[in-house]
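Take a look at the structure set out below.
The values are calculated or read from the model by the stated rules, or taken from the named source; none is laboratory data. The model shown is predicted, which means the values in this text are computed figures rather than measured ones. Counting neighbours? That spans all protein chains shown, and the Cβs are built from the backbone with ideal geometry, glycine included. These area figures cover heavy atoms from the full protein model, side chains too; ligands, DNA and RNA do not enter into them. Shrake-Rupley method; radii C 1.70, N 1.55, O 1.52, S 1.80 Å.
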Amino acid sequence: MIRTIDTTPCLVLSLLNDAGFTAFCHTDYTHTPPGVLLRWISSKPSFVCNSHFPHHGMITLAHCSAPRKMNGRDVEPTKIMTHFESDYGAATKVEYPKGQPVTCVIPNLNCTQWYGFKGQVTASPAMDMCRSQMDVAIEGDWKRLLREMEGFHAIVTYGDYLREVGYALRKVGLAWSNYSEEV
């Protein structure tokens, strides 16, 4: 898209999500359905991001087009930076509040199996990767998640919506693994 519009769409996607629209980077099938579902269930923006491997009960999630109004109302502290991979255009570096509860859904590449957990934001690091970054403490069986997770895009929404996601997926016949369920 850079060649077409002579910039990256990161900031525009962030602003559209803040305004109540549903707008994602890479509109591929692996994250569009869960992103839309979480948006409609929660009435809050969903942050579509790259997932990194769970480790020590944590997962790092990052992307350059993060919504700033993750709670649906208030703008989180944000820096405007360039898109990470191209060092071009404008992207958001959102600072997420520590302790913020989140729902995370990671679909596999066919979007036939969805993996979910709840967690809490522990940090907004500034590593060499996509600009908006959140470290999330996984509340659940992170070792099982590490063994079974197949996808690489995650969708994050403020709050706990695992029950609602599981209900919707059962209704349409998709496989659901909830790693935060009580055992």
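Structure above, values below:
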| item | result |
| --- | --- |
| Over 19 Å [Cα-Cα, region 69-124], rounded percent | 51 percent |
| Nearest-10 value in Å² for the accessible area of MET58, using the 1.4 Å probe | 40 Å² |
| Relative intensity, log₁₀ I(q)/I(0), of region 13-81 from a Debye sum that treats every alpha carbon as a point, q = 0.24 Å⁻¹ | -1.12 |
| At 1.002 mPa s and 20 °C, Stokes D of region 67-183 from Kirkwood alpha-carbon radius, µm² per second | 139 µm²/s |
| Interchain or long-range residues, amide H under 5 Å from GLU139's placed H | LYS118, GLY119, GLN120 |
| Karplus (6.51, -1.76, 1.60) ³J(HN,Hα), θ = phi - 60°, over region 111-117, in Hz, Gly and Pro reported as x | 6, 9, 10, 10, 10, x, 7 |
| Estimated dipole of the chain in Debye, rounded to 20 [Cβ of Lys and Arg +1, of Asp and Glu -1, Cα centre] | 300 debye |
| For region 101-162: span of alpha carbons on each principal axis (Å, largest first) | 32, 24, 21 |
| Net charge, PHE21 excluded, C-beta distance under 14 Å - Lys, Arg +1, Asp, Glu -1 | +3 |
| Ellipsoid semi-axes in whole angstrom, largest first, where each is sqrt(5λ) of the Cα gyration tensor of region 1-130 | 21, 18, 16 |
| Accessible surface of THR32 - all protein chains present, 1.4 Å probe, nearest 10 Å² | 40 Å² |
| Net charge, PHE84 excluded, C-beta distance under 10 Å - Lys, Arg +1, Asp, Glu -1 | -1 |
| Under 15 Å, Cβ to Cβ, from ALA123 - net charge with Lys/Arg +1 and Asp/Glu -1 | 0 |
| Computed [θ] at 222 nm, helices only, for the chain once each DSSP H run of length n ≥ 4 contributes -39500 (n - 2.57) | -6500 deg cm²/dmol |
